[in-house]
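Peer 1: If you scroll down you'll find the structure; I have some questions about it.
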């Protein structure tokens with residue numbers, strides 16, 4: 001039996017909220033004396049468990065402010081949990097912001113090389129996959145253009161076209177398919193399916209329940225930082241829809 005690619009147990013992240021003036025030493029002393037404006041704890045996520053086998057895909061669903069992005073940041077190792085633990089194996093690709101790492105003043109070709117380097121692709125790997133990356137994103141007409149001259153959708157294509165040609169073991173997406181047209185999103189989805197068939201695991205945070213059902217076999221429903229439901233994607237999505245309908 002293969003080992004899980006990703007394991008998270010009793011994962012939680014706590015923040016302290018309150019007036020900015022009360023985050024200084026003087027402000028905290030004043031709050032202690034007067035009892036006003038003291039910082040209060042807020043759990044963005046708590047008691048979340050995740051386990052992914054090779055080739056599996058998990059959708060993270062829920063309303064705005066549910067804790068989806070915080071959970072993905074912890075799973076990617078970019079945010080330290082307050083409690084619990086995360087263990088991931090292999091090469092990890094985290095796509096949590098469509099334009100992250102891009103330089104608008106550089107050309108498209110330069111940004112492809114930069115993105116490839118950020119995702120750990122060697123020069124030799126890029127050389128062998130460069131034509132496939134350009135064709136996938138339909139970037140050929142824009143290679144000599146400055147990236148900042150392109151639309152937000154085409155800028156996103158530079159990232160996704162490059163990243164989806166990196167052999168990741170675990171891929172995490174945070175609402176990234178909101179950028180770009182339907183045809184390109186469909187190609188990205190098919191590429192993800194190919195990666196899964198090759199053994200890669202996927203975590204996808206999304207508001208699109210159709211995308212969750214199309215791309216994933218399991219789902220985790222968050223609300224207010226708490227896990228409200230988890231299990232098979234279709235059953236979890238049905239539960240979430242019922243909650244939304246009932247209000």
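Peer 1: Distance in nm between label sites at residue 106 and residue 64, each 7 Å beyond Cα in the beta-carbon direction?
Peer 2: Placing both labels 7 Å along Cα→Cβ, they lie 3.3 nm apart.
Peer 1: So for the pair residue 96, residue 243, with labels modelled 7 Å out along Cα→Cβ, what separation do we get in nm?
Peer 2: 2.2 nm
Peer 1: Binning at 10 Å from 0, report for the range 146-247 what percent of all alpha-carbon pair distances ends up in each bin.
Peer 2: 13, 42, 29, 14, 2
Peer 1: Now for a separate question. So what is the 222 nm mean residue ellipticity for the chain from helices alone, if each DSSP H run of at least 4 adds -39500 (n - 2.57) and you divide by all residues, rounding to the nearest 500 deg cm²/dmol?
Peer 2: -11500 deg cm²/dmol
Peer 1: Moving to a separate point now. Return a whole-number percent for the relative contact order of the chain, with Cα pairs under 8 Å and 6 or more residues apart as the contact set.
Peer 2: Computed value for the chain: 27 percent relative contact order.
Peer 1: For semi-axes √(5λ) of the Cα gyration tensor in Å, one of [x] 29, 22, 18; [y] 34, 24, 18; [z] 28, 19, 19 was computed from the structure I shared and the rest are decoys. Which label?
Peer 2: It is the one labelled [y].
Peer 1: Compute the length gained on full extension between residue 223 and residue 144: take 0.36 nm times their separation in residues and subtract their Cα-Cα distance, giving the result in nm to one decimal. Each step should come with its number before you reach the end.
Peer 2: On the way: separation 79, 0.36 × 79 = 28.44 nm, distance 4.52 nm.
Length gained, residue 223 through residue 144: 23.9 nm.
Peer 1: Under a plain spin-label model, where a point goes 7 Å from the Cα along Cα-to-Cβ, how far apart in nm are residue 152 and residue 15?
Peer 2: The answer from the label model is 2.1 nm.
Peer 1: Any idea what the relative contact order of the range 72-168 is, in percent, if you count C-alpha pairs under 8 Å spaced at least 6 apart?
Peer 2: On the way: 86 pairs, mean separation 34.5, N = 97.
Over the range 72-168, the number comes to 36 percent.
Peer 1: Counting alpha carbon pairs within less than 8 Å and at least 6 residues apart, what relative contact order, in whole percent, applies to the range 155-247?
Peer 2: 21 percent
Peer 1: Choose one answer from 183, 111, 64: the residue with the largest mean-square fluctuation in a GNM of the chain with alpha-carbon springs under 10 Å.
Peer 2: 183
Peer 1: Choose one answer from 57, 123, 66: the residue with the largest mean-square fluctuation in a GNM of the chain with alpha-carbon springs under 10 Å.
Peer 2: 123
Quick note: the coordinates plus some simple rules give every number you see, no bench work behind them. All values derive from a computational prediction rather than experimental measurement. Cβ coordinates were reconstructed from backbone atoms using ideal geometry, including for glycine residues, and neighbour counts include every protein chain displayed.
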